[in-house]
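Visitor: Structure in structure tokens, see below.
The values are calculated or read from the model by the stated rules, or taken from the named source; none is laboratory data. Small disclaimer: the values here were computed from a predicted structure and weren't measured. Counting neighbours? That spans all protein chains shown, and the Cβs are built from the backbone with ideal geometry, glycine included.
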Amino acid sequence: MASVDDVILETRALSKRFGGLEAVRSVDFRLERGELRAIIGPNGAGKTTFVSMISGRIRPSSGRIIFEGRDITKMKAHDRAGMGIVYTFQIINIFRNLSVYENVSLAVQRRLASGRAGIFRVDEEELHREVDAILKRIGLRDAAEQEAGSLPYGHQRLLDIGLALALNPKLLILDEPMQGLAINEIDEVMRMIRELHRERTILLIEHNMQVVLELAKKITVMDKGSIIAEGTPEEIEGNIEVQKVYLGL
Amino acid sequence: MHAANKGFGKVLAVHIGVIAGFFILQFIVPPFHAAMLTRIMVLATYAIGYNILLGYTGLMSLGHAMFFATGLYAAGLSVIYYGLPPLEALLLAILLSAVMSAAMGAITLRTSGVFFLIVTMIFSQVFFLTTLYFNVITGGEEGLVLTRYLKPISLGLFSVELTDSAVKYNFALIIFAIAFLFSLWLTRSPVGRVLVAIRENEERAEMLGYNIYKYKLLAFTMSGTISGMAGAAYALAFAYIGSALASILYSINPLLWTLLGGAGTTIGPIIGTGLMIYIIDFTSGITTSYLIVVGVTLMLLVLAFPPGIVGAIRRRWLRWLP
Amino acid sequence: MSLEVTLFLGLLDGVVFGLIMALIALGLSIAFGVMRIVNVAHGEFYMLGAVIAWYATTYLGNFILGLIIAPAAVTGLAAAVERTVLRKINYNPESTIVATIGLLYIIQQLVLAIYGPYAYNVEPPFYFRVDFPWFGYSGYKLSIAVVSLLIMGLTALFIFKTRLGLYMRATQQDREIAQAFGVPVGRVYMASFALGAALAAIAGVLVVPFLQAYYLMGLEALLISFMIVIIGGLGSLKGTLVAALIIGVIDGVVSVFFSPTLAKIVGSVLVAAVLLVKPTGLFGAER
């Protein structure tokens, strides 16, 4: 068992009720630093609600969230992003009417301008360098001046992940990054996720089992708001209960 | 060099050109139009302030008359009752407008969407009623004339009188230029970029780690302060304060001017203000129901011409315009 | 008059006024609930109701006829506006605000041009006094308080018991799903907007016998109904009624002791307080 210091994120009895519906039921979850964890489960299992509570977009009904030993349950989403918990949306979410360059620079600027004075002045040279580096990394350097909404779908997804990357997160939450991508685009995004994983912890929600099995070392399975199994890809593949609810066998 | 800095020379030249244009016009146009231009510059300052919130942050206020009037009354009343010289009155008015808009922003920004509109309108309308309620001090609807109380502006070796129309013109020009260049600076500053990000996609901006409420409050305060500065300039330049300038029409006016000229463009509010003031001046000579022009223009803008004049020009020809 | 008696008079006036304003605010609230838009010209529908009622009573000699003609005319106008303007701008909330501000000035200035800058009222359709131990009170005012309540009740009945009402509620819940289930959303929108306008117009007719019909009267009604919906929570029927009574009583009591202007100032302080404590309004759902 890992020592406490290696746990980057933990939830205790985390729950969310929407009216009468209990979307997430008392979930205890631990994530170790440097892991690439996948969460799988059928539609409506509560995966997105669960990670939305971690990122701060949704307030939990009860339970606690601990990040790097700090209770962040009541912390605002933007403060969590500042601490290093970064979330990419299930549906591509970028500044469609701004250029690719402007998109990335907004993310880089946030990281550079952590101090109070930073909101009025930022080192434009440094900003430019960093934006350029990110653009290079996501392969969109040639499209820098293009309007983000006019990019091909796969490139929009790369830009979306690029925005997260530019914040240099400690924990990156990717909510179904492969949704709607073509096969060659999936390969590209997978390559990027692998590369990102070298430096940081990743929590990945994904439906594409092939992607999950290839990327994750550990898989958490959710159903009806609860965790029903957790283990290595081999263990999960062999788990009868998982096959029943998830693979529909 | 990257694109954001490319062509800034051109942008700066256009903006300096607008200011220089106004400066030169005073030597060319007849007195009637010089007086009109004075009015346009003061009210364009108001529109520039309004545009920071509407055009660059994406928040539509229906209550900016409250800030315009805060500046107006702060300057006017301090001149009348405390004998403050014009520039001191102006500074006091700017300060009070900043306080007022920060406080109002803190309350109204707790709402979002249409609720924000409703709430800004409520507070502004009540501010208007308050100026009527204290009509013993404010002069109410009839208003008060400052002329007797206005001291000369001392400029070191010599001093100038605000009652002189050339002084009025250049006073208005300076106020206008300050606001205009500030808005240009803002569009290029890190803060301005975040405000645009909030306008474009608030949710994403928040998930990038920006404190949306704080940025909106900052925008609201900047916007309200410039509006207040315009109000103070109005009181001083036209030596008049009255509650009509706090009425809902004065909350609608900057909205109309900004939309007509093009929200989210630095030059649009000026074009919109100038055009509308001339149109109103023209039509009020014909009919007493000239406000119908305001109504029809708003309706037509929404139905047929959403980007506004400069917005359309930028879309079609000059993509580099800020 | 002693303090208690003045207070009682203020309370009575306040409740009557509050119920009338509730009718107007309810109209605003319905249109918002279903269409997610705010109609800034809503107060002008109220003013039109009053002005048309004056015309009907003066030229046709019949107040009851006014009570039919005015809402009918305003309903028709609202439906036309919905079709030709709001639909064109796709009910975008901010464009709707701008368009309805435009409509506000167009209606107001046309009334000024036709009706003039005068303030007239009409004879009430019936006249009796209700004698309290300390003063007599207009029986007409008391009756319209009852009529307002009745109309609100009918509106609630309409929303909860008829097919169109069901459609409205479905659209309010989720427009897309409603559409998928065959709800004619376009017509529901038109009906909601027209119903909202009709309620304002009825309120306008009811007040002409004791308030005067005047081309600028819409703004005060708009201000008060805005306060009501913010305090009560926009889209909530119960909230609208409770908040209207609160605002009405404040208005009545503060007006008899001090001035109507001060009443508005007190009202806005209450709005600020509600926003600080519960930004969604006292009965508003999370938004």
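Visitor: Which pairs have Cβ atoms under 6 Å, sit 6 or more apart or on different chains, and link a residue in segment A:133-145 that is within 13 Å of another protein chain (Cβ to nearest Cβ) and over 12 Å from A:GLU195 (Cβ atoms) to one that is of a type in the set (D, E, K, R) and surrounded by fewer than 22 Cβ atoms within 10 Å (Cβ to Cβ)?
Guide: As it stands, the answer is A:LEU135/A:ARG141, since those pairs meet every condition given.
Visitor: Taking segment B:262-272 only, how many residues are surrounded by fewer than 24 Cβ atoms within 10 Å (Cβ to Cβ) and part of a helix (DSSP H, G or I)?
Guide: Total satisfying the criteria: 1.
Visitor: Is there a residue being part of a strand (DSSP E or B), among the basic types (Lys, Arg), touching a strand residue (DSSP E or B) at 6+ places or on another chain (Cβ under 7 Å) and surrounded by fewer than 19 Cβ atoms within 10 Å (Cβ to Cβ) anywhere in segment A:54-65? Explain how you work it out, then say what you get.
Guide: Of all residues in segment A:54-65, those part of a strand (DSSP E or B) come to A:62-65.
Adding the requirement that they be among the basic types (Lys, Arg) leaves A:64.
Keeping just the survivors that are touching a strand residue (DSSP E or B) at 6+ places or on another chain (Cβ under 7 Å) gives A:64.
Keeping just the survivors that are surrounded by fewer than 19 Cβ atoms within 10 Å (Cβ to Cβ) gives A:64.
Looking for residues that are part of a strand (DSSP E or B), among the basic types (Lys, Arg), touching a strand residue (DSSP E or B) at 6+ places or on another chain (Cβ under 7 Å) and surrounded by fewer than 19 Cβ atoms within 10 Å (Cβ to Cβ), one finds at least one in segment A:54-65, hence yes.
Visitor: From C:LEU86, C:LEU60, C:LEU77, grab the single residue that is without any contact (Cβ under 8 Å) to a residue 40 or more places away in the chain and not small (Gly, Ala, Ser).
Guide: Going through C:LEU86, C:LEU60, C:LEU77 in turn, the sole match is C:LEU60.
Visitor: Among the residues of segment B:107-157, count how many are charged (D, E, K, R), in contact with a helix residue (DSSP H, G or I) (Cβ under 6 Å, 6 or more places away or on another chain) and more than 10 Å from every other protein chain (Cβ to nearest Cβ). Walk me through how you get there before you give the answer.
Guide: Start the filter on segment B:107-157 by keeping residues that are charged (D, E, K, R), which leaves B:110, B:141-142, B:148, B:151.
The next check asks that each one be in contact with a helix residue (DSSP H, G or I) (Cβ under 6 Å, 6 or more places away or on another chain); those that pass are B:110, B:141.
With the extra rule that they be more than 10 Å from every other protein chain (Cβ to nearest Cβ), the set shrinks to B:141.
The number of residues fulfilling the criteria is 1.
Visitor: Could you check how many residues of segment B:194-247 are more than 8 Å from chain A (Cβ to nearest Cβ), small (Gly, Ala, Ser), assigned to a helix (DSSP H, G or I) and more than 13 Å from the chain's Cα centre (by Cα)?
Guide: Residues in segment B:194-247 being more than 8 Å from chain A (Cβ to nearest Cβ), small (Gly, Ala, Ser), assigned to a helix (DSSP H, G or I) and more than 13 Å from the chain's Cα centre (by Cα): 6 in total.
Visitor: Then there is this: Please pick out the residue among B:LEU72, B:LEU54, B:LEU92 that is over 30 Å from B:GLU202 (Cβ atoms), at pLDDT 95 or above and under 17 Å from the mean Cα position of the chain (by Cα).
Guide: Details: B:LEU54 fails: over 30 Å from B:GLU202 (Cβ atoms); B:LEU92 fails: under 17 Å from the mean Cα position of the chain (by Cα).
When all the criteria are applied, what remains is B:LEU72.
Visitor: So which residues in segment C:86-102 are surrounded by 18 or more Cβ atoms within 10 Å (Cβ to Cβ) and more than 7 Å from chain B (Cβ to nearest Cβ)?
Guide: Of everything in segment C:86-102, those that are surrounded by 18 or more Cβ atoms within 10 Å (Cβ to Cβ) and more than 7 Å from chain B (Cβ to nearest Cβ) turn out to be C:LEU86, C:THR96, C:THR100.
Visitor: Within segment C:247-255, identify whether any single residue is hydroxyl-bearing (Ser, Thr, Tyr), at the interface with chain B (Cβ under 10 Å from one of its Cβ atoms) and surrounded by fewer than 24 Cβ atoms within 10 Å (Cβ to Cβ), and answer yes or no. Talk me through it step by step, then tell me what you get.
Guide: First, the residues of segment C:247-255 that are hydroxyl-bearing (Ser, Thr, Tyr): C:255.
Adding the requirement that they be at the interface with chain B (Cβ under 10 Å from one of its Cβ atoms) leaves none.
No, every residue in segment C:247-255 fails to be hydroxyl-bearing (Ser, Thr, Tyr), at the interface with chain B (Cβ under 10 Å from one of its Cβ atoms) and surrounded by fewer than 24 Cβ atoms within 10 Å (Cβ to Cβ).
Visitor: Also: Within segment A:18-40, can you find the residues that are more than 16 Å from the chain's Cα centre (by Cα), assigned to a loop (DSSP other than H, G, I, E, B) and on the phi > 0 side of the Ramachandran plot?
Guide: Taking segment A:18-40 first, the residues more than 16 Å from the chain's Cα centre (by Cα) are A:18-28.
From what's left, assigned to a loop (DSSP other than H, G, I, E, B): A:19-20.
Residue satisfying the conditions is A:GLY19 alone.
Visitor: Moving on. Right, B:GLU200: on the phi < 0 side of the Ramachandran plot and without any contact (Cβ under 8 Å) to a residue 24 or more places away in the chain or not? Spell out the reasoning first.
Guide: Details: on the phi < 0 side of the Ramachandran plot: yes; without any contact (Cβ under 8 Å) to a residue 24 or more places away in the chain: no.
So B:GLU200 does not fit the description; no.
Visitor: Output the residues belonging to segment A:125-145 that are touching a Leu at 6+ places or on another chain (Cβ under 8 Å) and charged (D, E, K, R). Steps first, answer last, please.
Guide: Here is the first cut: in segment A:125-145, the residues touching a Leu at 6+ places or on another chain (Cβ under 8 Å) are A:126-127, A:130, A:134, A:137-141, A:143-144.
The answer is A:GLU126, A:GLU130, A:ARG137, A:ARG141.
Visitor: Can you pull out the residues in segment C:12-51 that are over 16 Å from the mean Cα position of the chain (by Cα) and buried (at least 24 other Cβ atoms within 10 Å of the Cβ)?
Guide: The initial filter retains those residues of segment C:12-51 that are over 16 Å from the mean Cα position of the chain (by Cα), namely C:12-13, C:34-36.
Listed by number, the residues that qualify are C:VAL34, C:MET35.
Visitor: Follow-up question, since we're still on this one. Within segment C:52-85, can you find the residues that are under 30 Å from B:PRO307 (Cα atoms), crowded, with 16+ Cβ neighbours inside 10 Å and of a type in the set (Val, Ile, Thr)?
Guide: Passing the criteria: C:VAL81, C:VAL85.
Visitor: I'd like the residue in segment A:82-139 that is of a type in the set (Phe, Trp, Tyr) and outside any helix (DSSP H, G or I) and, out of all such residues, is nearest to B:VAL196 (Cα to Cα). Lay out the reasoning, then the answer.
Guide: Residues of segment A:82-139 of a type in the set (Phe, Trp, Tyr): A:87, A:89, A:95, A:101, A:120.
Imposing the further condition that a residue be outside any helix (DSSP H, G or I) reduces the set to A:87, A:89, A:95, A:120.
Details: A:TYR87: 21, A:PHE89: 20, A:PHE95: 10, A:PHE120: 14 Å.
In this case the residue turns out to be A:PHE95.
Visitor: Please specify each residue of segment C:169-202 satisfying the condition of being free of Cβ contacts under 8 Å to residues at least 24 places away in the same chain and either of a type in the set (Phe, Trp, Tyr) or assigned to a helix (DSSP H, G or I) (or both). Give the derivation first.
Guide: Step one: filter segment C:169-202 for residues free of Cβ contacts under 8 Å to residues at least 24 places away in the same chain, giving C:169-170, C:173-185, C:187.
Across segment C:169-202, the qualifying residues are C:ARG169, C:ALA170, C:GLN173, C:ARG175, C:GLU176, C:ILE177, C:ALA178, C:GLN179, C:ALA180, C:PHE181, C:VAL185, C:ARG187.
Visitor: Can you tell me which residues in segment A:189-235 are more than 14 Å from the chain's Cα centre (by Cα), free of Cβ contacts under 8 Å to residues at least 60 places away in the same chain and assigned to a helix (DSSP H, G or I)?
Guide: A:ARG191, A:GLU195, A:GLN210, A:VAL211, A:LEU213, A:GLU214, A:PRO233, A:GLU234, A:GLU235
Visitor: So which residues in segment A:70-82 are surrounded by fewer than 18 Cβ atoms within 10 Å (Cβ to Cβ) and either within 14 Å of chain B (Cβ to nearest Cβ) or in contact (Cβ under 8 Å) with a residue 24 or more places away in the chain (or both)?
Guide: Scanning segment A:70-82 gives A:MET75, A:LYS76, A:ASP79.
Visitor: Hey, another quick one. Which of the residues that make up segment B:273-293 are buried (at least 19 other Cβ atoms within 10 Å of the Cβ), at pLDDT below 90 and away from chain C (no Cβ under 12 Å)?
Guide: Scanning segment B:273-293 gives no hits.
Visitor: Starting from segment B:162-190, take each residue that is under 20 Å from B:ILE271 (Cβ atoms) and list its partners that are in a helix (DSSP H, G or I) and of a type in the set (Phe, Trp, Tyr), counting only C-beta distances under 6 angstrom and pairs at least six apart or across chains.
Guide: Here the result reads B:LEU173/B:PHE22, each pair linking segment B:162-190 to a residue that is in a helix (DSSP H, G or I) and of a type in the set (Phe, Trp, Tyr).
Visitor: Take the residues of segment B:77-132 that are part of a helix (DSSP H, G or I) and touching a strand residue (DSSP E or B) at 6+ places or on another chain (Cβ under 8 Å): which is nearest to C:VAL266 (Cα to Cα)?
Guide: If we take residues in segment B:77-132 being part of a helix (DSSP H, G or I) and touching a strand residue (DSSP E or B) at 6+ places or on another chain (Cβ under 8 Å), then B:LEU77 is nearest to C:VAL266 (Cα to Cα).
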